[in-house]
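Colleague: This is the structure, below, for whatever I ask next.
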Amino acid sequence: MHACVVGVGRLGGFHAQKYQALKEEGVELVALVDPRVEATEKAFPGVKVFANIKTHLAAEESGEIPRVDLVSIATPTENHVEVGLEFLGTNRSILIEKPMAQTVEQCRKLLSIAERNKQVIAVGHVQRHLVHDAFAELSRPRFIECHRLAPFTNRSTDIDVILDLMIHDIDLMIALVKSPLKSVYAAGFPVLTDKVDIANARFEFEDGCIANLTVSRITAAPTRKFRVFTEDAYFSMDLAKGEFAHHRKVSDSVELEEAIDSKIEFFENKDPLLVEVRDFVNAVREKRPPLVSGQDGMLAQDFAEQVLQEINQRIQSKRG
């Protein structure tokens, strides 16, 4: 199978490396698309680099490079739909970095083309691949609490912190809670950019589960903690350390030491982006949905838009 990466910045460069790592599994990275041609050629010697999609498609047409089957899209979010439609429209499957698009309507447009052409859309919510096995131990969450705090890096400032950071935890939350959303309460504000830089959102689901997500991209010390409470257990993940603690009620004893079984473990030592790219490749080969599908990406986008709408209404009401 032949692969291409569009947008070879920091994250796109990692995608390119993962395709190269899958060479023995029948994957060949044959093209990169990025306007910084010279720097990209230097970073990936031996791989054809094109300044834009038009010249890439022309090279395919002329036989200069093989036709690609797999495309990773790691461009700025504002370009996701344009690039996605270009490749889906010519019958290629895509792995599109989060957020899937800028709006639910754009997500729906991508899904429509993919379904019509029977192509795969995978969405780059990479941490789902890290926690997938651990999540299998959980059922019927009653309360979820998450803190994802990061120092300011001047990256992804074209989007609000909800689409930049919170959407990771929205995706994890949706994967756990199998219930329709009932309501959203959210607040946030800009600090260093003209977008929302810090935010909190409270989600209530029809089955009674409550989730409280807090994000910031202007915090001195990074934190990535995700906690889940069920009827008989407490599960805590430190996504930065790759550590999780599981505390489960095992008896009705009044002595806590006897009533609770506790264990602290570490996530399997694996490269989650490599697992994600491999899952995408195998989904295309096996004609099956990937772990994080386009439908999942659109649902996360929908939740994120509801959060942004709540926040913007509050900001506007204060200005008014």
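Colleague: Tell me whether the range 289-303 contains one or more residues that are over 22 Å from residue 101 (Cβ atoms) and either charged (D, E, K, R) or at pLDDT below 95 (or both).
Modeller: No, because not a single residue in the range 289-303 is over 22 Å from residue 101 (Cβ atoms) and either charged (D, E, K, R) or at pLDDT below 95 (or both).
Colleague: Anything in the range 134-163 that is closer than 30 Å to residue 9 by Cα and either touching a strand residue (DSSP E or B) at 6+ places or on another chain (Cβ under 9 Å) or assigned to a helix (DSSP H, G or I) (or both)? List them, or say none.
Modeller: 146, 147, 148, 149, 150, 160, 161, 162, 163
Colleague: A follow-up question, please. Go through 68, 33, 37, 5 for me and flag whichever is surrounded by fewer than 21 Cβ atoms within 10 Å (Cβ to Cβ) and either modelled with pLDDT of 95 or more or not assigned by TED's automatic domain parsing to the domain that holds residue 109 (or both).
Modeller: Checking each option against the conditions leaves just 37.
Colleague: Right, next: Those residues that are over 14 Å from residue 233 (Cα atoms) and of a type in the set (Ser, Thr, Tyr), I need them from the range 137-164; list them, please.
Modeller: 153, 156, 157 - these are the residues of the range 137-164 that are over 14 Å from residue 233 (Cα atoms) and of a type in the set (Ser, Thr, Tyr).
Colleague: Test residue 143 against the criterion of being in contact with a Cys (Cβ under 9 Å, 6 or more places away or on another chain) and assigned by TED's automatic domain parsing to the domain that holds residue 211, and give yes or no.
Modeller: Yes: the conditions hold for residue 143.
Colleague: Still on this structure, please answer the following. What pairs can you find where one residue is in the range 170-194 and in contact (Cβ under 8 Å) with a residue 12 or more places away in the chain, the other is of a type in the set (S, T, N, Q) and not in a loop (DSSP other than H, G, I, E, B), and their Cβ atoms are less than 8 Å apart, with a gap of 6+ or different chains?
Modeller: Close Cβ pairs (under 8 Å, with a partner that is of a type in the set (S, T, N, Q) and not in a loop (DSSP other than H, G, I, E, B)) amount to 171/127; 172/127; 181/306; 184/306; 186/200; 186/306; 187/200; 188/200.
Colleague: Return a yes/no flag: does the range 164-174 have any residue that is in a loop (DSSP other than H, G, I, E, B) and either out of contact with any Ser or Thr (no Cβ under 7 Å at 6 or more places or on another chain) or at pLDDT 95 or above (or both).
Modeller: No, the range 164-174 contains no residue that is in a loop (DSSP other than H, G, I, E, B) and either out of contact with any Ser or Thr (no Cβ under 7 Å at 6 or more places or on another chain) or at pLDDT 95 or above (or both).
Colleague: I'd like the full set of residues that are in a helix (DSSP H, G or I) and within 21 Å of residue 67 (Cβ to Cβ), limited to the range 20-36.
Modeller: 20, 23, 25
Colleague: Also: Out of everything in the range 230-250 that is buried (at least 18 other Cβ atoms within 10 Å of the Cβ) and within 18 Å of residue 208 (Cα to Cα), what residue ends up being modelled with the highest pLDDT?
Modeller: Per the stated criteria, the residue is 230.
Colleague: Based on what the data block shows, is residue 123 in a strand (DSSP E or B) and within 16 Å of the chain's Cα centre (by Cα)?
Modeller: yes
Colleague: Looking only at the range 121-143, filter to residues that are among the small types (Gly, Ala, Ser) and out of contact with any helix residue (DSSP H, G or I) (no Cβ under 6 Å at 6 or more places or on another chain); which one of those is surrounded by the most Cβ atoms within 10 Å (Cβ to Cβ)?
Modeller: Filtering first and then ranking leaves 124.
To keep it simple, each residue is scored yes or no on (1) part of a helix (DSSP H, G or I); (2) surrounded by 15 or more Cβ atoms within 10 Å (Cβ to Cβ); (3) in contact with a helix residue (DSSP H, G or I) (Cβ under 9 Å, 6 or more places away or on another chain); (4) in contact (Cβ under 8 Å) with a residue 60 or more places away in the chain.
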| residue | (1), (2), (3), (4) |
| --- | --- |
| 18 | yes, yes, yes, yes |
| 42 | yes, no, no, no |
| 58 | yes, no, no, no |
| 64 | no, no, yes, no |
| 72 | no, yes, yes, yes |
| 75 | no, yes, yes, yes |
| 94 | no, yes, yes, no |
| 101 | no, yes, yes, yes |
| 107 | yes, yes, yes, yes |
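Colleague: Considering only residues that are touching an Asp or Glu at 6+ places or on another chain (Cβ under 7 Å) and at pLDDT 95 or above, which ones fall in the range 128-147?
Modeller: Across the range 128-147, the qualifying residues are 142, 146.
Colleague: Under 6 Å between Cβ atoms, at least 6 apart or on separate chains: pull out the pairs that start in the range 222-233 with a residue that is without any contact (Cβ under 8 Å) to a residue 60 or more places away in the chain and end on any residue that is among the basic types (Lys, Arg).
Modeller: Within 6 Å, the pairs are 232/249.
Colleague: Failed condition for residue 227, given (1) over 19 Å from the mean Cα position of the chain (by Cα); (2) charged (D, E, K, R); (3) in a strand (DSSP E or B); (4) under 19 Å from residue 143 (Cβ atoms), with all others met?
Modeller: Condition (1) is where residue 227 drops out.
The values are calculated or read from the model by the stated rules, or taken from the named source; none is laboratory data. Bear in mind that the values here come from a model prediction, so they are computed numbers and not experimental data. Positions of Cβ are backbone-derived with ideal geometry, glycine not excepted, and every protein chain shown enters the neighbour counts.
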